[in-house]
Amino acid sequence: MSGHMRVFVGLAVSLFVLSDTCRGEAAMTVREKTVVGHELRLVVETSATAQPLWSHSSRTTDVKGYLILVDLASKLPMTQRSKVYGPLWDVPQPRSTISFTAGANFTKEDADAALATPHCAFDEKGELVRFRTEIAHKKILFDRLDLATAGYKDSVGFAPINNRAVPMSEDQVTSPSGRYMLLYQDNVARLYDFYSGQEKADPWLTDRFTESRRIPSLQNVETLLTDDLNHLIINPRAIWNEGAGIPLHETFTFDGKTLSRAEYFLCADRPEPSLGLVHRKVDEREFLHEAPDSAFTIDHQLLMMHTSKDAIRLFRRDGTVVYHSEAKVAAGWHNGSLGTRHLASDGKLVFFTVDLEHMNLDQVRDRHVALTIWDYRRDIVTSEVVPIVDLFREESGHYLPATKPAPVIQR
């Protein structure tokens, strides 16, 4: 090969690498998920990420959101049993990838792109709700999508809630649907409704939460609040490591008694006047994650959930098991989930999972959605993997809808 030819080939390769680098990689992220009847509902976000030549960091652009409905009862191909609405948002301007993935804004363009992207979620009925930030009037705008008209309705605006708690703080607790938040701040507990931005008066609930936050040294706890706001559980981990050189906390003091964190948790059911002690069974005591895992109101009573590798059960405060299953599921019941939805009217629990045991990249990268549905009344377990990537085509570093989405009326 001549010197001129080598130079030409080298330039061609360099241009190809540069083009491929600038073009970037297509990505999709499942932001929200739920099930309504036999329908899987998803909020899926697509984006393009690239690391420009000579740059030490990557950039994310062309961020779009879609609402996807999938008929789980159908065996037809994805494009025939699904409907795509969107885009719910379209934010073409670039931002740093770390801002896009972690939510930390480092530059003005990071902040501008984040502000242009609404937050969408599903309420307790499976309806899509939307939150937007209006800087000019210092308001949060809330509305919900009407699928019949593909337009938004019930719009309200309210001042942002003054929440100074840091992320993962034990001073704030959100109900499973995401509608309600308990906030302990300035030695006072308050209950807020995210759909109106208003404080909701509930002295029983806020008093119980205040009672729990004032227990000395009761940190490293998980607080569970049911959606009907009738049950509050304060679940300490077996140990609390306060810091280097400080003895581990393995007990807490309640009602004048010193109690093992591994053996006891606290619970209140409306209208009980105070928190009460609940003793764990031996098989519920683990090193880092003690039972209960979740709590639900079922048949007008509190049922708590505990999972092990081979079984799942729903039980009362006195330990009585009401529903249980020993069905075989991928990687075991205790493998955790990417979210749990309770379909109260159907008597079902939906678990969104990911197969980390076999590092299934389609699930890890949100191209497939894996879910297990437990019909606890009949002890029937079904599992499904939904290939949402089949609804898109990959083109020039972007995921584009394979068929034209139903347009959403913006406002």
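The values are calculated or read from the model by the stated rules, or taken from the named source; none is laboratory data. Just so it is clear, the model here is predicted, and its values are computed rather than measured. Virtual Cβ from ideal backbone geometry, glycine too; neighbours counted across all protein chains shown. Accessible surface is based on the protein model in full, side chains and every heavy atom, while ligands, DNA and RNA are left aside. Shrake-Rupley method; radii C 1.70, N 1.55, O 1.52, S 1.80 Å.
General observations
- With q set to 0.14 Å⁻¹, the log10 of I(q)/I(0) for the chain, from the Debye formula over equal scatterers at the Cα positions, is -1.43.
- For the chain, carbon and sulfur atoms together expose 54% of the accessible surface, with a 1.4 angstrom probe and every protein chain in place.
- Take the convex hull of the alpha carbons in segment 24-146; its mean projected area over all directions comes to 9.1 nm².
- The C-alpha atoms of the chain define a longest principal axis, and helix 203-213 lies at about 80 degrees to it.
- Applying the criteria of a DSSP loop state and at most 10 other Cβ atoms within 10 Å to the trypsin sites (Lys or Arg not before Pro) of segment 333-397 yields Arg378.
- The residues of the chain expose on average 51 square angstrom of accessible surface per residue, using a 1.4 Å probe on protein heavy atoms.
- Figure legend: label point modelled 7 angstrom from the Cα of Lys309 along Cα→Cβ; residues of segment 334-364 with amide N under 12 Å from it are 334-335.
- Stretching the chain fully between Thr101 and Glu134 yields a gain of 9.6 nm (0.36 nm per residue, less the alpha carbon separation).
- Along the chain, longest interval not containing exposed GluC sites (Glu not before Pro), exposed being DSSP loop plus at most 15 other Cβ atoms within 10 Å: 1-241
- Residues of segment 337-371 with amide N under 20 Å of the 7 Å Cα→Cβ point at Asp299: 342-350
- Each label point was placed 7 Å from the Cα along the Cα-to-Cβ direction; for Ser396 and Ala331 their separation is 3.6 nm.
- Legend: distances between Cα atoms for Lys33/Lys309; Lys125/Lys348; Lys153/Lys200; Lys125/Lys309; pairs beyond 20 Å are Lys33/Lys309; Lys153/Lys200; Lys125/Lys309.
- Near-label residues of segment 47-86 by backbone N, under 13 Å of a point 7 Å along Cα→Cβ of Glu384: 69-83
- A Förster radius of 30 Å, combined with the Cβ-Cβ distance separating Gln80 from Ser155, puts the computed FRET efficiency at roughly 0.30.
- The chain, relative contact order in percent, only Cα pairs under 8 angstrom and at least six apart counted: 11 percent
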